[in-house]
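Have a look at the structure below, then the notes.
Bear in mind that the values in this text are calculations on the coordinates, not laboratory data. Treat the numbers as computed from the prediction; the structure is a model and nothing was measured. Counting neighbours? That spans all protein chains shown, and the Cβs are built from the backbone with ideal geometry, glycine included.
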Amino acid sequence: MTVILRPAIGHSAGRRSPLAGKSNGRRGKPRAKLGKDDVRAILVKYWEEAHSLPTLAREYGVSTTTIYRTVYGHTWRLEYSRWRREVKAAGRSLPERRDPYNQPTRFTDLCLADLVRFELAADAREASPVGSVAEIAARHGVSRSAAYRVLRGTLHREWFDAVYADLERGGSGHLVDW
């Protein structure tokens, strides 16, 4: 009796199947759903026109993860770096990283001042004169999660600290030179 030993399914010791990616004479994925023109359009729509990840995913027929990996340069790195160079060469400022809920971070001094007033009231165990965090976020057009991230110190920490210090000194919280 002859015993044939085969590796367990999924354990190929790092080797790919000889038939993997041979479709259309290309290596890698047989049929990519996005092309260079699509990637360029996605970068512009996401960073400059503020489209959301799910909206772009539906429009291009791919997953939200695919769009995320494209707009942050994890995939299509060459196109991503070319786009960034073009943005710099045109004299436009590169966009900031957006929050996980796909809203551009558009905090203003007034928004941060309201969040500081909320924090000061919470520290003093008083009622907030500016409402809840959700109300502040809605009033200033930012996501609630981003507002909470500011309060936790994971977003705009230095800016928040500067506004906090200004309000503690009796200032208006509006930082002209910041």
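The alpha carbon gyration tensor of the stretch 115-178 gives principal lengths a ≥ b ≥ c with a/c of 1.5 or higher and a/b no greater than b/c, which makes the shape oblate. Our estimate of slack between residue 59 and residue 120, defined as 0.36 nm per intervening residue step minus the Cα-Cα distance, is 17.6 nm. Of the peptides 113-123, 75-85, the ranking by mean beta-carbon count within 10 Å, highest at the top, reads 113-123, 75-85. Per residue, the average separation of C-alpha pairs within less than 8 Å and at least 6 apart gives the stretch 109-155 a relative contact order of 31 percent.
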